[in-house]
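Read through the structure below, which is laid out as structure tokens, and then see the notes.
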Amino acid sequence: MSGQDRPWRQRFRGRASGNGRVYQAGGHITINEAAAPPAGGPEGRLWNVAGAVATFTARDLELAAVTSAVSDHPGVPVVLHGMPGVGKTQLALTWVYANAGSASVVWQVRAANRLEVVADLAQLADRLRLAVGDDLELAARAAVQELNGRDDWLLLFDDATPDSVAGLVPVRGGRVVMTSRNPNWAPAGVSLEVGLFGPHAAAVFLDPSAGGPGEAAVQLAGELGYLPLALEQARAYCAATGRELAAYLADFRRLRLLGQGIEHGLHAPVTVTLALALDEVRRREPGAAQLMMVLAQLAPADIPRDLVAAGATVLPVPLADAAVDGVYADQVIRVLRELALVTADRPGLLAVHQLVAEVLREHPMPVSGRYSLWRRLLRAVGTGPPPRTWLQVGADLLAEALPADVENPVHWDRWALLLPHAETMIERSDPPTETIDILLYLCGSYLHRRGEYLSARRYLTQSVEVRSHLLGEEHPNTLTSMHSLANALFALGELMAAPTLHERTLAVRRRVLGEEHPDTLTSMDNFACVLHGLGELRAARELHEETLAVRRRVLGEGHPDTLTSMSNLANMMRERGEVAEARELNEKILAVRRRLLGENHPDTLTSMSNLAMTLHILGEVAEARELNEKILAVRRRLLGENHPDTLTSMSNLAMTLHILGEVAEARELNEKILAVRRRVLGEEHPETLTSMHNLGIDLYVLGEVVAAKELILRVYRLRFQVLSEQHPDTVNSQRNLAIIERRMDEEDPDTLERMTKLANAVYVAGDAVGARELHESVLAVRRRVLGEEHPDTLQSMNNLAAIERKTSGFGSSESS
């Protein structure tokens, strides 16, 4: 009996509904008794570090000090501390880019509070594909433990405090650099102070003329507190406006005396320089001032330069014009760059200093009451939006900018850029709005497709809660979130919670939306897949057939959802032995998907995988191998080595190699798959159990019978517990375990001795043919187990020779 290596994952399309689930081919290896012999940064890295500012004023001595401190104190964080605006983060980023080398994990952790540290390390745990449940603190600690076992990583904790990072800093194998406003890190870290410019250096920075800085530069530098960020703001303002330093000094003093709601303290110089800069921006280009307020709401990470292009319907006027006018967008950004409010040192990306963003959030300018033409029309009839905050504007913009099609990897680079900003919007919005709910759902759907199931479950759970509160439990969007959460639960192997939630969602959709609504059909198809995974094959097939019939009638033969239903039904047909029919259907689906979606689309690859499995069963193993190798190469390139779909392809290829007799290669591949699945999904997940089972069969074929029995026995016990006694996979493990135990009984020395004595007795009783067969069986086992020259093997050879001589009339020999 064979079973599926089922990827317990679902597909999503669009904002309103998830697409039907697409099974991928894969399978258990089953012992054939008759044939039993005697499975985000630089390429290749986990990288989330923001870009260093190209115009950063190099501090060679400080960079060298960081290098020396890291080298002299292995395993101890090097902490760059100083007041806000002195350039700690830029110094750290410059050092990271210069010293990352070949590190495979280069990760920046927001560390202003423990929630940020835990969230960013938990995200790293997801990217490392660690199976840690839904506790974020445990996930963060698992990431730290994983790094402690490696030697190829570099972490940057930004704006850290001793309390925020306590217990969450790896200490072995890699390097840790931190920035902090707190100087007190001993003995947990080595502190290096990043100070202000000296008076002369600050004045020269403002006025680098050959004759030395003038009196205005000296006085202005002093009043700016020699703070590098404030000095940069002042220099940029004068350069952009042509204003003399003396005039700027007068403006600075006047604005500071007026107060403008400014509190004295570390932020005071920057607050005043920003007020002057923003006033100049408003004078030159109001849309640029609006963009600056939007950017200040985002995460301290790279910002796509073209983000504003998505905001035609949600941005205030005149900024909304930048969404449709590229020339105006460039002009808006140029103004901000000239005033040193943003940097654009890497192609296509913008960056905002954290202190600049913080001050602007503390002292926001009002959002314009004028919106785009569409929103003005709505307001005219009394249905327009209420006044918004800049945080709401930023959230609206991201909701428009995030790609809704999370299925296709072509959008994942965009998602990687925007995800930190969406997560920041979610964290800062209280209470959540309908826009925040959209972000929750989209982030959850994307993370699920990436195989980051824990984070997906977290966001989708929040989405269900928010939509239930805002829209009601039976609203179509709430049901969509419930459906997607059920998919995530099933992907995590939660075989009780997932079917319950799927069944509940389906029942409500049938009652509220009707039997033939596309969302109802999606629930039917996915619930059928759940039943399939639980081993309820008859019920699953009936539901698949019902769904396919309705989709053909309502959506048409070539609709993507109809093709999904056809694919799922073809897989069930193959399992029921209707292999030729399944092949015909798989080939039809693949042809359509190739034509409509292209060769490398995920759905096309799934169809190729299903066809390869069918060819495998039909005995066309060489063709199946060629197809599996092609799929695996594409998935490795598009999805990464450890993505769940890539692992499924590796498992399929391992099974094909096994059948072709390349069992050692299959074993190596299955060991790799099992290691990843154990880490990502946990020991008891159905996919992990499939990998354990397949590896056990490889061991059996390679003659490691004891190890094979131990592994298959563990799989059987876990399947009995997790799936059920009657589940096809459990039955398969039980059958293979019985075969292994029978072989082990046959190879037991006492058993072989008893068989030898029985052969002698049979011969004495006059059955020479039966005696010969028994002696031949014993000899075959002893040759395989003990070797050709073992005394027991030689004795069996003598016994068999004696039988041959006696039956041929050539004397006698004593048997034992």
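The values are calculated or read from the model by the stated rules, or taken from the named source; none is laboratory data. Quantities reported herein were computed from a predicted structural model and do not represent experimental measurements. All Cβ positions, even for glycine, are placed from backbone atoms using ideal geometry, and neighbour counts span all protein chains on display. Accessible surface is based on the protein model in full, side chains and every heavy atom, while ligands, DNA and RNA are left aside. Shrake-Rupley method; radii C 1.70, N 1.55, O 1.52, S 1.80 Å.
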| query | In terms of the ratio Rg/(2.2 N^0.38 Å) built on C-alpha atoms, what value belongs to region 666-816? | reply | 1.42
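How do 173-180, 200-207 rank on mean C-beta neighbours within 10 Å, highest first? Could you put the intermediate results ahead of the total?
Working: 173-180: 22.9, 200-207: 19.5.
In descending order of packing, they fall as 173-180, 200-207.
Which shape class, rounded, prolate or oblate, goes with region 660-738 when its Cα gyration tensor gives a ≥ b ≥ c as root eigenvalues, a/c under 1.5 marks rounded, and past that a/b bigger than b/c marks prolate? Don't jump to the answer; show the numbers that get you there.
Details: a/c = 2.09, a/b = 1.24, b/c = 1.68.
Oblate, because a/c is 1.5 or more while a/b does not exceed b/c.
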| note | Site E584, offset 7 angstrom along Cα→Cβ, radius 13 Å on amide nitrogen, limited to region 617-647, gives none
| task | For R637 and E137, compute 0.36 nm times the residue count separating them, minus their Cα-Cα distance, and round to one decimal in nm. | result | 176.8 nm
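Ranked from the most accessible area to the least, with a 1.4 Å probe and all protein chains present, what is the order of I673, I438? Numbers along the way, then the final one.
Values: I673 0, I438 50 Å².
Descending order: I438, I673.
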| message | Using 0.36 nm times the number of residues separating A539 and A801, minus their current alpha carbon distance, what extension gain do you get? | response | 88.4 nm
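Within the chain, what is the number of lysine pairs with alpha carbons under 25 Å apart, leaving out pairs fewer than eight places apart on the same chain? Before the final figure, lay out the partial values.
Numbers: K588/K630; K630/K672; K672/K709; K757/K806.
Count of close lysine pairs: 4.
Restricting to DSSP H runs of at least four residues, report the calculated mean residue ellipticity at 222 nm for the chain, -39500 (n - 2.57) per run over all residues, nearest 500 deg cm²/dmol. Each step should come with its number before you reach the end.
On the way: 34 runs with 499 residues, N = 816.
Helix-only estimate at 222 nm: -20000 deg cm²/dmol.
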| For F157, solvent-accessible area (1.4 Å; no DNA, RNA or ligand), Å² | 0
| message | For the chain, give me the percentage of DSSP beta bridges that are antiparallel, rounded to the nearest 5 percent. | response | 20
| said: Need one word for region 533-601: rounded, prolate or oblate. Basis is the Cα gyration tensor (sqrt eigenvalues a ≥ b ≥ c); a/c below 1.5 gives rounded, then a/b vs b/c decides. | reply: oblate
| said: Using alpha carbons only, how many angstrom separate the centre of region 212-232 from the centre of region 504-537? | reply: 68
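Grab the alpha carbons of region 699-781, take their convex hull, and tell me the volume per residue in Å³.
110
Obtain the radius of gyration and the Kirkwood radius of region 137-248 from its C-alpha atoms and give Rg over Rh.
Details: Rg = 20.9 Å, Rh = 17.2 Å.
Rounded to two decimals, Rg over Rh is 1.21.
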| Descending Cα extents along the principal axes, the chain, whole Å | 126, 68, 39
| field | For region 402-468 versus region 694-723, the gap between their alpha-carbon centres in whole angstrom | value | 39
| Once a ≥ b ≥ c are taken as the square roots of the eigenvalues of the Cα gyration tensor of region 553-660, is the result rounded (a/c under 1.5), prolate (a/b larger than b/c) or oblate (a/b not larger than b/c)? | oblate
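May I ask you to derive the FRET efficiency for R783 and K630 from their Cβ-Cβ distance with R0 = 60 Å, giving the value to the nearest 0.05?
0.90
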| Rounded accessible area of S102 (nearest 10 Å², 1.4 Å probe) | 110
| message | With every protein chain left in place and a probe of 1.4 Å, what is the accessible surface of H559, to the nearest 10 Å²? | response | 60
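Compute, for the chain, the length of the dipole vector about the Cα centre, with Cβ point charges of +1 (Lys, Arg) and -1 (Asp, Glu) only. Units Debye, rounded to 20.
Working: 84 positive and 104 negative charges, 312 e Å.
Here the chain has a charge dipole of around 1500 debye.
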| task | Give, in nm to one decimal, the length gained when the segment between H475 and Q721 is fully stretched (0.36 nm per residue of separation minus the Cα-Cα distance). | result | 84.9 nm
| field | Estimated inter-spin distance, V769 and E362, nm [label 7 Å along Cα→Cβ] | value | 10.1
